[in-house]
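The values are calculated or read from the model by the stated rules, or taken from the named source; none is laboratory data. On a predicted model such as this, the values are computed, not experimentally measured, just so you know. FYI the Cβ positions are ideal-geometry reconstructions off the backbone, even for glycines, and counts take in every protein chain you see. The area values use the complete protein model at the heavy-atom level, side chains included, leaving out ligands, DNA and RNA. Shrake-Rupley method; radii C 1.70, N 1.55, O 1.52, S 1.80 Å.
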Amino acid sequence: MRNFGYDEDKRGGSLSDFRIWGRILRYSIHHWLALAGAVTLSLFITGGTLTLPTLLQQGIDGFITAGNLEDTARLAGLTRTSLWYGLLVLLVFATTFVQTVLLEWIGQSIMHRIRQDLFTHILRLDLQFFSTHPTGRLVTRLTNDIQNMHEMFTSVMVTLFNELVRMLGILILLYLMNVKLALLLTIFVPISALVTTLFARLARACFRAIRSQLVLLNNFLQEAITGMAILQLFSREEKSRREFEDLSRGYLERTLSQIRLFGTFMPITEFMSSLATAMILWYGGGEILQSRLSLGELVAFISYMRLFFQPLRELSQKYSIVQSAMASAERIFQLLDTASRIADPARPLAKPATVRGELHFDRIRFGYNPQTPVIHDLSLTLRPGQAVALVGTTGSGKTTLVNLLLRFYEAQSGTITIDGLDISHLALADLRSMVGVVLQDVLILQDSLLANIVMNSGRSRKDVESILSRTGMNRFVRRLPHGLDTMIGEGGHELSSGEKQLLAFARVLCRDPAVLVLDEATAAIDTESENILEEALDDSFRGRTSLVIAHRLSTIRRADHIIAMQHGRIVQQGSHDELMATGGYYADLVAMDRSNGNGEDTASSRLFGP
Amino acid sequence: MPPRALFVLPLSVHTPPSDASADTSPKRASLPELIDLLRPSFGRYRWQLVGGFVALIIVDFLQLVIPRVLKHGVDGLADSSISHASLLGLAALIVAIAIAVAGLRFVWRYLIIGFSRLLEQNLRNRIFSHLLRMDAPFFEKHTPGDLMAHSSNDLAAVQMACGMGMVAAADALVMSLATIAFMLHIHVQLTLLALLPMPFLAWFTRSLSGRLHHRFNTVQEQFSLLTEFSRSTVVSIRLIKAYTMELFQTDRFDRLGRRYVRSNLGVAYIQGLITPIATLAGNLGMLIILLVGGRLVIAGTLTMGDFVAFISYLAMLVWPMMAIGWVANIVQRGLTSLNRIHHLLGCRATLPDIADNGEPPLDHPSFSLRGLHFAYAPGLSPALVDIDLKIGPGIHGITGRTGSGKSTICRLLARLYPVADGQLFFGGRDVNALPLSYVRNHIAYVGQEPVLFSDTIAANIALGRPEATEQEIIAAAASAAIDEEIRELPDGYASLIGERGVKLSGGQRQRLALARALLCDRPVLVIDDGLSAVDVATEHEVFAGLRQRFAGKTVLIVSNRIKMLSLTDRIIVLDEGRIACTGGHEELLAASSLYRSMYEKQMRPQAEEAL
Ligand SMILES: Nc1ncnc2c1ncn2[C@@H]1O[C@H](COP(=O)(O)OP(=O)(O)OP(=O)(O)O)[C@@H](O)[C@H]1O
Ligand SMILES: Nc1ncnc2c1ncn2[C@@H]1O[C@H](COP(=O)(O)OP(=O)(O)OP(=O)(O)O)[C@@H](O)[C@H]1O
Ligand SMILES: [Mg+2]
Ligand SMILES: [Mg+2]
């Protein structure tokens, strides 16, 4: 089966049940009072349900069959007992209602807490993690896996306790009745413990297999959904359907093997109950024949013994829920235990009050995979207020430099400093708030346009409107059905690529970064809009350090300093005029860009070699 | 400095767009409609089901036999008419029955629960095939998170109802019918009295289940929102980190989560009533028997033995009653989910669905747009207005301001959105009369934002032609000027590129998408600004290659780079959805102010001196 090259959960190894339970309990502790309440209610319900037959018994023995009483007294007594009976029935009903709601509340609150913790944790993980873990898997953890655990809190935790208490009580009762028979029955306790442990191990493996297949399925689905137009345009429907059906069949097979496992183990308790009955009948009957036991005792023993197996059956049924939940819990806790490779320093340096914006890359060496470096011993300085442009062949490592500056990744050697402060000594939030960046791929959140621009910058609607008019964006906002309040992102209004880039610009204009980084920020924007944007930038960020990455050479014309990169190295740097004068890579690019010819000019032949 | 106060804006956490919200709360379909959805599976596996239920009923029956055997032994012991040997025989009989019960339990579980899994798989595959037939407007309305929730949560609910739900229902039905028959045998009036609370139970459950349906719906919707929010956050992780929005997002997630908790509690309120109400009804029956039956005994019209037997039968009814409460719940949940699935499967693509008749492809296809008018949705301002255009062999460039409708034209040609009749013609015929795949098979398409799949590079290039040889793949990559870079990767063409190609640079992703289109070797090539993240030199190289390769064919290139446009045969300038101008480079320099200003900024060396 295809695994899309992701490491399928090898990192964490498997957690022991003990540890998982420990952590679940730790989460439950916040709700111990409510949990104790639920357990009490549950004991009350059990007690109430067991009292009802006794009341009935009392009604029959005390009044219905009591021939020595007067008929009127018998009738009155019967009515009184019935009243009590009715009252208890209503009470049990009410208690069950309260307990159901209470348990749901506890379960949901705990799940909410775990979900929040997991979400917070995932957001803290490094980008390397995200590039190796498919979205579908993380989403499954956050939603389905947590949902799966929830069952455990509502139906299992309390039942577990309740049933164990009941089983223990009955066992004691049985011992009081007849030690020898009870001893015979006790044989089944270790046997069922053994069976259950074996079952647990197998069931867990089964659920694990099911869940990982589900993740594959969800991943495939999510990719297919987001890329459906491409699949259709490339006539991939048939093939995708087959691939999906293969995955789906894999899932079916795993669930079927789970059914087989459960089909084998679930009837075992029932079988043991019958076996015990047979043994007691045979052994107890023998004892009676030898007059060492009375018939009454045997009958009473058998009926209580059935009660003993009832909680056991209940427990083994809940066991499937437990195992499924444990498989999910295991995955969730493993994810929570995955440490981020990039974290805040233990004692971060204070963020300087005013940032001049001096940027220095010092002998940086980096590769996404350490064996294949992408950046080779690169050094680079941006003086405060300098506008630097970065050009270079595609894949030469320009975006990678931005990734390193934002500490999305950590360089294998070398340091990056802002105003002389090593960025790895700064708090991540401080660092990232100093650098305003427009990323190469514009990402849209599912929200209104206004919220997408403001995000967490705290700007008011007025501010945004003035930014929009300065950037010439109001023309496009006016066309939207609800203006600034139009919902965009998945399920909302679709923007054109250029409009998305304009949006990304508005985002950065809402902020006040010391250093501005634009990574291909205007690639999809027409020149006229670009001119307007440049002016707006000039207005807002005059005198700030800026790094502009662009392929369209007209975009970088205003730069004080131009850096040309190839294959992770700086091949040339200087002002436009200097570079034009010395010739070489940059001059060739410019010549090629301006030539009106048909590509046979000398510049291109020089760029691509003879 | 702008104020740094966080969260001052009352942000709308997910008010879904108005048109979508109408959609997420599907109308309740009639029961036969829903059952129609399940019919194929039920029909196909009917014998499996019959076998399962027979096993289930035999198990029920055998379970009633064991107490009889026991009674036989006890009776024998009571009058000392039994020997050691026959005691052993009885014990052996019990064990034998127990073995049969265990075996049959395995059988029904495998057959019936297995059936529910088969049904689930069948529905899942159906949903997927359905999605494969949906068009862009559909996917704009339904978020991936929502669709994924359908295939996980909703299917699970349906599976549960058709598996354990059905088993419990059958079990409860058999048990209660048998018990009621025994009770009727003893005393008819008393039975009717004991069953008095039942209609009340039925009415109560029915009236609550309507509300339950509604609340389940809310829960599923909230779950979809939660799924979509997680998904879009994970996808946008770079943005969130770069803008230090972690806290901000966590806060929004928290609000969504709280809403989810609340709506689950809303369900629990009703569930907390429905589940114990069955027990309540059973117990009330018991109360009536105690009160009325007791009087009958005292009055001497009912024997004590019958009374006790009656009570023990009624006690046997309590479990099936409880099961009914549970089943009602599960079935309600299943129906709610089935309804959502029904609604999904009922969505129709807006594009005409004409079966492919195997017509041979055209060698020199051409498009003509006649007075084409297009809006993405009714009520939205039109994206294209009155477009008259002929796109035949040759290289056509399209340019224009952001949002002027360039991509929209490309999408319409590729038949991703519907067009009105008589406005778009392919090879002289109205596209609405042609199968979608017929038109699409002529077009190699490079979108503005490359869509790649988490697979190997080779598999991504070969997307449209899985049978392509290695040489062909390499040749396509070379034409897209990416062959060398691929070879430099540690695993070459077998390298995995991660989801959406995250392990590649922006320009590499674009060229990969281009290579994918080139491999298809179709007569029309549409490049929607597909080289914007590529440096001038590489762009030039690619373009030179294209010109050779596509000589005599149709190429449509959207671009904002004058250099690129000047090399095309004809340039179309769009402005606010209209054609502002068409013509060659020189013509446009004279005729179009938009084009001229582009030229001035990008081409004139003096421009920078002027600044
Ligand atoms: N997440 C990643 N994992 C592994 N390799 C990566 C990753 N991101 C980029 N690369 C590789 O690193 C190299 C440099 O990529 P980078 O994105 O820095 O290029 P770039 O200069 O920005 O190119 P472009 O102009 O096309 O955007 C490329 O060869 C790319 O394949
Ligand atoms: N799926 C959609 N639903 C609704 N409106 C859309 C959709 N896609 C695009 N639009 C709107 O239609 C108009 C034209 O969009 P289109 O994508 O064709 O522009 P474009 O010319 O390609 O722009 P760009 O240069 O930015 O790529 C824009 O105003 C855009 O907001
Ligand atoms: Mg880049
Ligand atoms: Mg576009």
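Observations
- Test: residue in the stretch B:254-266 that is more than 7 Å from every other protein chain (Cβ to nearest Cβ) and buried (at least 22 other Cβ atoms within 10 Å of the Cβ): yes
- Residue among B:Arg415, B:Arg401 that alone is within 14 Å of ligand 4 (Cβ to nearest atom), within 12 Å of chain A (Cβ to nearest Cβ) and charged (D, E, K, R): B:Arg401
- So A:Leu138, is it open to solvent by less than 50 Å² (accessible area, probe 1.4 Å), more than 9 Å from chain B (Cβ to nearest Cβ), in contact (Cβ under 8 Å) with a residue 12 or more places away in the chain and closer than 30 Å to A:Arg407 by Cβ: no
- Yes/no for B:Val526 being within 12 Å of chain A (Cβ to nearest Cβ), more than 16 Å from ligand 1 (Cβ to nearest atom) and within 22 Å of A:Ser496 (Cβ to Cβ): yes
- Residue within the stretch A:500-515 that is out of contact with any strand residue (DSSP E or B) (no Cβ under 9 Å at 6 or more places or on another chain), within 16 Å of ligand 3 (Cβ to nearest atom), assigned to a loop (DSSP other than H, G, I, E, B) and of a type in the set (A, V, I, L, M, F, W, C) present: no
- The stretch A:529-562, residues that are open to solvent by less than 30 Å² (accessible area, probe 1.4 Å), without any contact (Cβ under 8 Å) to a residue 40 or more places away in the chain and not in a helix (DSSP H, G or I): A:Arg552
- Taking the criterion of being crowded, with 22+ Cβ neighbours inside 10 Å and away from ligand 2 (no atom under 13 Å from the Cβ), the residues of the stretch B:547-562 that qualify are B:Thr554, B:Val555, B:Ile562.
To keep it simple, each residue is scored yes or no on (1) of a type in the set (Val, Ile, Thr); (2) touching a residue at least 60 places away in the same chain (Cβ under 8 Å); (3) open to solvent by 40 Å² or more (accessible area, probe 1.4 Å).
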| position | (1), (2), (3) |
| --- | --- |
| A:Thr269 | yes, yes, no |
| A:Ser274 | no, no, no |
| A:Thr277 | yes, no, no |
| A:Met326 | no, yes, no |
| A:Asp337 | no, yes, yes |
| A:Ala343 | no, yes, yes |
| A:Gly357 | no, yes, no |
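- Filter result for A:Leu78 (free of Cβ contacts under 8 Å to residues at least 60 places away in the same chain and either within 18 Å of A:Thr95 (Cβ to Cβ) or of a type in the set (A, V, I, L, M, F, W, C) (or both)): yes
- Scanning the stretch B:57-101 for residues that are free of Cβ contacts under 8 Å to residues at least 24 places away in the same chain, more than 9 Å from chain A (Cβ to nearest Cβ) and of a type outside the set (A, V, I, L, M, F, W, C) turns up B:Pro67, B:Arg68, B:Lys71, B:His72, B:Asp75, B:Asp79, B:Ser81, B:Ser86, B:Gly89.
- Filter result for A:Glu465 (closer than 20 Å to B:Ser232 by Cβ, surrounded by fewer than 19 Cβ atoms within 10 Å (Cβ to Cβ) and either facing another protein chain (nearest Cβ under 9 Å) or away from ligand 2 (no atom under 16 Å from the Cβ) (or both)): no
- Pairs linking a residue in the stretch B:429-452 that is more than 9 Å from chain A (Cβ to nearest Cβ) to a residue that is aromatic (Phe, Trp, Tyr) and open to solvent by 10 Å² or more (accessible area, probe 1.4 Å), with Cβ atoms under 7 Å and 6 or more positions apart or on different chains, are B:Val431/B:Phe425.
- Within the stretch A:364-410, the set of residues being open to solvent by 30 Å² or more (accessible area, probe 1.4 Å), touching a helix residue (DSSP H, G or I) at 6+ places or on another chain (Cβ under 8 Å) and not hydroxyl-bearing (Ser, Thr, Tyr) comprises A:Val374, A:Gly395, A:Glu410.
- Test: residue in the stretch A:404-414 that is within 14 Å of ligand 1 (Cβ to nearest atom), assigned by TED's automatic domain parsing to the domain that holds A:Leu480 and part of a helix (DSSP H, G or I): yes
- Filtered by the rule that a residue be modelled with pLDDT under 70 and buried (at least 19 other Cβ atoms within 10 Å of the Cβ), the stretch A:563-610 gives A:Ala603, A:Ser604, A:Leu607.
- Helices (runs of 4 or more DSSP H) wholly inside the stretch B:431-549 containing at least 1 residues that are among the aliphatic types (A, V, I, L, M) and either outside the structural domain of B:Ile409 (by TED's automatic domain parsing) or within 16 Å of ligand 4 (Cβ to nearest atom) (or both): B:506-520
- Residue within the stretch A:385-394 that is at positive phi and more than 13 Å from chain B (Cβ to nearest Cβ) present: yes
- All positions within the stretch B:502-520 that are of a type in the set (Gly, Ala, Ser), at the interface with chain A (Cβ under 10 Å from one of its Cβ atoms) and more than 10 Å from ligand 3 (Cβ to nearest atom): B:Ala513, B:Ala517
- Failed condition for A:Val437, given (1) within 7 Å of another protein chain (Cβ to nearest Cβ); (2) over 25 Å from B:Arg411 (Cα atoms); (3) more than 16 Å from ligand 1 (Cβ to nearest atom); (4) touching a helix residue (DSSP H, G or I) at 6+ places or on another chain (Cβ under 8 Å): (3)
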